[in-house]
1. Of the numbered conditions (1) within 17 Å of residue 86 (Cα to Cα); (2) assigned to a loop (DSSP other than H, G, I, E, B); (3) within 14 Å of the chain's Cα centre (by Cα), residue 149 satisfies every one except a single condition; which is it?
2. Taking the stretch 79-93, which residues are over 15 Å from residue 61 (Cβ atoms) and modelled with pLDDT of 90 or more?
3. Could you tell me whether the stretch 232-240 includes any residue that is under 17 Å from residue 91 (Cα atoms), in contact with a strand residue (DSSP E or B) (Cβ under 8 Å, 6 or more places away or on another chain) and not in a loop (DSSP other than H, G, I, E, B)?
4. Out of the stretch 36-75, which residues are surrounded by fewer than 16 Cβ atoms within 10 Å (Cβ to Cβ) and either part of a strand (DSSP E or B) or touching a residue at least 60 places away in the same chain (Cβ under 8 Å) (or both)?
5. Could you grab the pairs with beta carbons closer than 8 Å, sequence gap of 6+ or different chains, first residue in the stretch 121-141 and at negative phi and assigned to a helix (DSSP H, G or I), second one modelled with pLDDT under 80 and crowded, with 23+ Cβ neighbours inside 10 Å?
6. Of all residues in the stretch 22-35, count the ones that are in a helix (DSSP H, G or I) and at pLDDT 95 or above.
7. Being without any contact (Cβ under 8 Å) to a residue 24 or more places away in the chain and over 24 Å from residue 34 (Cβ atoms) is the requirement here; does residue 115 meet it?
8. Just give me the residues in the stretch 153-193 being assigned to a helix (DSSP H, G or I) and surrounded by fewer than 19 Cβ atoms within 10 Å (Cβ to Cβ), in sequence order.
């Protein structure tokens, strides 16, 4: 098993632009959503929004079939005993709306001098505006976006420097890389965080995912974010729903 991912600096194939990603055509491939929880020896599902009581958030982490295959590939590249933890995958539009509006409210309290347009623009840097439009779906609505982290062989989370869904500059995947490049003094803890982010980013990239650079935990395959960063002519996934009639909440 190659563990040199700890030593590979985080990099992106190009500078991300949400506006440019949104205009990439979507050619829906029809691939189904599948549960991510059926291979616990490699992947653990920990549906954070359901656990925290967000109305309508699924109890299961659903992803597209090819996304699951690539998650298993990424998990297989981790050190022995380590596992991927999927914290979120496919989201219903209603859940995306709740998360976006809650974050707008949080920003409004923190930054009362900003107007509504500025608040929405800032919120959109961390949470995609809710959309099930076939030409411009929110990434998580497609089942191609996943929020992931890693636990070690003792079942403990690897320190990543911020909490999941923290909205700070430190959440940017390459934040510690920038500190290192600037030759800033870094503590042993910060160097460990740098190494852990490199590991997660490295195995996910090797499995075919791209990373949303503002969030160390967010990775994409098949959606417009992925298509933009990979310079693909079209995205593979549009908005979708699980293929069963009962509620997913």
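The values are calculated or read from the model by the stated rules, or taken from the named source; none is laboratory data. All figures in this text were calculated on a predicted structure; none of them were measured in a lab. All Cβ positions, glycine included, derive from the backbone under ideal geometry; neighbour counts span all protein chains shown.
1. (2)
2. Step one: filter the stretch 79-93 for residues over 15 Å from residue 61 (Cβ atoms), giving 79-82, 93.
Those that are over 15 Å from residue 61 (Cβ atoms) and modelled with pLDDT of 90 or more: 79, 80, 81, 82.
3. No, the stretch 232-240 contains no residue that is under 17 Å from residue 91 (Cα atoms), in contact with a strand residue (DSSP E or B) (Cβ under 8 Å, 6 or more places away or on another chain) and not in a loop (DSSP other than H, G, I, E, B).
4. Within the stretch 36-75, 55, 59 meet the criteria.
5. 139/128; 140/128
6. Keep residues of the stretch 22-35 that are in a helix (DSSP H, G or I), which gives 22.
In the following step, the residues that additionally are at pLDDT 95 or above were identified as none.
Residues in the stretch 22-35 being in a helix (DSSP H, G or I) and at pLDDT 95 or above: 0 in total.
7. On the way: without any contact (Cβ under 8 Å) to a residue 24 or more places away in the chain: yes; over 24 Å from residue 34 (Cβ atoms): yes.
Answer is yes for this residue.
8. Scanning the stretch 153-193 gives 169, 170, 177, 178, 179, 180, 181, 188, 189, 190, 191, 192.
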